[in-house]
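Participant: First the structure, then my questions, so here it is.
The values are calculated or read from the model by the stated rules, or taken from the named source; none is laboratory data. Note that the structure is predicted; figures quoted are calculated from it, not measured. Glycine gets a Cβ as well: all are built from the backbone with ideal geometry, and neighbour counts include every protein chain shown. Just the protein is used for accessible areas: all its heavy atoms, side chains included, with ligands, DNA and RNA removed. Shrake-Rupley method; radii C 1.70, N 1.55, O 1.52, S 1.80 Å.
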Amino acid sequence: MSDDERVLYETPAPHIVRIVLNRPEARNAQDTKMLYELNDAFDRAAQDNEIKVIILAAAGPHFSAGHDLRETSDEKKRIVSQKKRVGTWHSSGSGGAHPNTAHEKEVYLGFSERWRNIPKPTIAQVQGKCIAGGLMLVWPCDIIVAADDAAFLDNTVSMGVGGCEYFAHPWELGPRKAKEVLFTADWVSAEDAFRLGMVNHVVPRGELEAFTMKLAERIAAKPLFALKLAKEAVNAAQDAAGRGLALQTAFAYHQLAHSHNMQVHGLPIDPSGISPAIRKK
Ligand code: ZN
């Protein structure tokens, strides 16, 4: 394992994998390298016949600060050039909206939807802050266990964009709360998330890992094929209600916002909504 690996792959018990975001010094901000490593880890767990349950956890006090806005486009290109793409929207040198749309289709909407469709039970284990892009890691999971200090936020409207790239808000929060959360950029506490049905359990911070493991062990005792069928049946119910199409539509609006901001501000986001340190990039 090299020192700069962003993701750990642990096997804490038979049939269970724990994938850990391991960039705590950056509050687990997701750069392109982390996202591809995460995708590799999910693929490894999906392909391992011994594995029945996948836990997604994070090192440090916070689950994820979201996308790493400090990452330069040159760095993104460098990482992407080393990786095998999983989607078919290859980037193009043609400029305009094409390269960014292709990139976000792959590493944001593409990866999140891909992980949501892994036919093995996935459990997000969340502590501390989970911001914007962080939601795109926990929402694709089947079950979310939150520590009592967990809090969730999508502040993208402040940055001139109508929501993060994986727009599951109405499905996760209900339409009214989704709108309020987007309009105000208010935090959703673990208790509120539980009340809204976004989170399955809220447990004391010190019990988070043990509680999640116990839940994973109970699930891992079941036959894998039946688990897969149960998961796909629930996903099919959401998809029959138009979920996938709604996500694609929101993604198109998201790209429209990036293009709009490029025309108005010369940046993909409205710089008034981000910190001065990042604005210089
Ligand atoms: Zn975007």
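Participant: Helix check for the chain. Which DSSP H runs span at least 15 Å along their own axis by Cα, with a mean Kyte-Doolittle hydropathy no less than -0.5?
Facilitator: Qualifying helices: 208-220, 224-240, 243-265.
Participant: Provide the gained length on full extension for the span LYS83 to SER158, in nm with one decimal, where the gain is 0.36 nm per separating residue minus the Cα-Cα distance.
Facilitator: That pair, LYS83 and SER158, stretches by 23.8 nm at full extension.
Participant: Next question. Let me check against my output: what whole-number percent is the relative contact order of the chain, with C-alpha pairs under 8 Å and at least 6 apart?
Facilitator: Over the chain, the number comes to 17 percent.
Participant: Can you tell me the length gained on complete extension of the stretch GLU75 to ASP43, counting 0.36 nm per residue apart and subtracting the Cα distance?
Facilitator: Extra length from GLU75 to ASP43 when fully extended: 9.2 nm.
Participant: Same structure again: Rounded to the nearest percent, how much of the accessible area of region 145-253 (1.4 Å probe, protein heavy atoms only) is carbon and sulfur?
Facilitator: Carbon and sulfur: 60 percent of the exposed surface of region 145-253.
Participant: Where does region 1-48 land on the Kirkwood hydrodynamic radius, alpha-carbon pairs, in angstrom?
Facilitator: Result for region 1-48, one decimal place: 11.3 Å.
Participant: Specify the longest stretch of the chain that does not include any exposed loop site, a site being one of the GluC sites (Glu not before Pro) with a non-H, G, I, E, B DSSP assignment and at most 14 other Cβ atoms within 10 Å.
Facilitator: 51-281
Participant: Would you pull out the residues with amide H under 5 Å of ASN155's amide H, same chain only if 5 or more places away, H placed 1.01 Å from N?
Facilitator: The list, which skips near neighbours in sequence, is ALA132.
Participant: Oh, and also: May I ask for log10 I(q)/I(0) of region 154-216 at q = 0.25, 0.26, 0.29 Å⁻¹, from a Debye sum over the Cα atoms as equal point scatterers with solvent left out?
Facilitator: Summing over Cα pairs of region 154-216 leads to -1.01, -1.05, -1.19.
Participant: Tally up the carbon and sulfur contribution to the accessible surface of region 1-105 as a whole percent, 1.4 Å probe, everything protein left in place.
Facilitator: Ligands and nucleic acids excluded, carbon and sulfur give 47 percent.
Participant: Measuring with a 1.4 Å probe in the full set of protein chains, what accessible area per residue, in whole Å², belongs to the chain?
Facilitator: 47
Participant: Let me ask you something else. Run through every distinct alpha carbon pair of region 75-153 and return the Kirkwood hydrodynamic radius in angstroms, one decimal place.
Facilitator: Hydrodynamic radius (Kirkwood, Cα only) of region 75-153 equals 14.3 Å.
Participant: If you average 1/r across every pair of different Cα atoms in region 7-280 and take the reciprocal, what Kirkwood value do you get, in Å?
Facilitator: In region 7-280 this quantity evaluates to 19.1 Å.
Participant: Could you list, in their original order, any pairs among LYS77/LYS120; LYS52/LYS105; LYS129/LYS177; LYS120/LYS177; LYS33/LYS83; LYS33/LYS84 whose Cα atoms are separated by more than 21 Å?
Facilitator: Correct reply: LYS77/LYS120; LYS52/LYS105; LYS120/LYS177.
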